[in-house]
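*Asks:* One structure is given below, represented as C-alpha cells, and several questions about it will come after.
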Amino acid sequence: MSRVLGRVAATALTFFLAYMGNLSTISDPGGHVRLASPLPAAPKAEALPASGAEHARAHTLPQVGQASWYGPGLRKRLTANGEHFNQKRLTAAHRTLPFNTMLRVTNLQNGLSVVVRVNDRGPFVDGRDIDLTARAASVLHMKRDGVVPVLIEPVHKDAPQQNQIVAELP
C-alpha cells in the first residue's frame, strides 16, 4: 500500500515540478513518468500602460460581470499588494488589473454605485469578476444576495464624482 502511495506522490510531484518549472513530462511504455527537456519559453507579455486606468480602458473595461464580496475571517491578513486587509475600506480584488486602479462598480439590480481601489487578487471562483470588501458590498446593497450583476468601469482621478462613496489611495 505504501509503495503505491509513494508512486502516486512521486508522479504528482513530477507533474507539479513540470508545471512550475516549465518542464515537459513524458511517459515510457512501462507507464513511468519522467521529466524531459525544457519547454520553449513562453512569448513575452505585452508591456502594460503606465497607469491602471489606461490599462483598464485599453484591455478589459468597461465590463459587465458578477461581483461577490469577501472579508469575514481575513482581518489583518496581507492582500496581494502587501496591505493589511480591512473589510471596512472600499477596496476590491481583481485577477488582472494593476493595483491601485480605481473602479466604479454599479449594481445592475438597483443602480447603486461605489468607487473602489484594486489592492488584491481574486476572485478565485469561476464566473465571478470582482470581489468587494464588506463595506463596498454594503454600499451596493448586495451583502444579502452575495453575488450580483455589476458594471465595472475605470475611474480617472480627476473625474468629478456625483454623489457616490469613493475609495481613497493609501
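*Asks:* Quick one: in segment 128-139, of everything that is in a loop (DSSP other than H, G, I, E, B) and surrounded by fewer than 24 Cβ atoms within 10 Å (Cβ to Cβ), which residue is nearest to the chain's Cα centre (by Cα)? Give the steps one after another, and end with the answer.
*Replies:* Just the residues of segment 128-139 that are in a loop (DSSP other than H, G, I, E, B), to begin with: 128-129, 133.
If we keep only those that are surrounded by fewer than 24 Cβ atoms within 10 Å (Cβ to Cβ) as well, we get 128-129.
Values: Arg128: 9, Asp129: 8 Å.
Filtering segment 128-139 for residues that are in a loop (DSSP other than H, G, I, E, B) and surrounded by fewer than 24 Cβ atoms within 10 Å (Cβ to Cβ), the one nearest to the chain's Cα centre (by Cα) comes out as Asp129.
*Asks:* Residue check, Ala167 against (1) modelled with pLDDT under 95; (2) surrounded by fewer than 21 Cβ atoms within 10 Å (Cβ to Cβ), all met but one. Which one?
*Replies:* Status for Ala167: all satisfied but (2).
To keep it simple, each residue is scored yes or no on (1) buried (at least 18 other Cβ atoms within 10 Å of the Cβ); (2) not β-branched (Val, Ile, Thr).
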site: Gly65; (1), (2): no, yes
site: Gly73; (1), (2): no, yes
site: Leu78; (1), (2): no, yes
site: Phe85; (1), (2): yes, yes
site: Thr91; (1), (2): yes, no
site: Leu97; (1), (2): yes, yes
site: Leu103; (1), (2): yes, yes
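The values are calculated or read from the model by the stated rules, or taken from the named source; none is laboratory data. Computed from a predicted structure; not experimentally measured. Neighbour counts run over all protein chains shown; Cβ positions are idealised from the backbone, glycine included.
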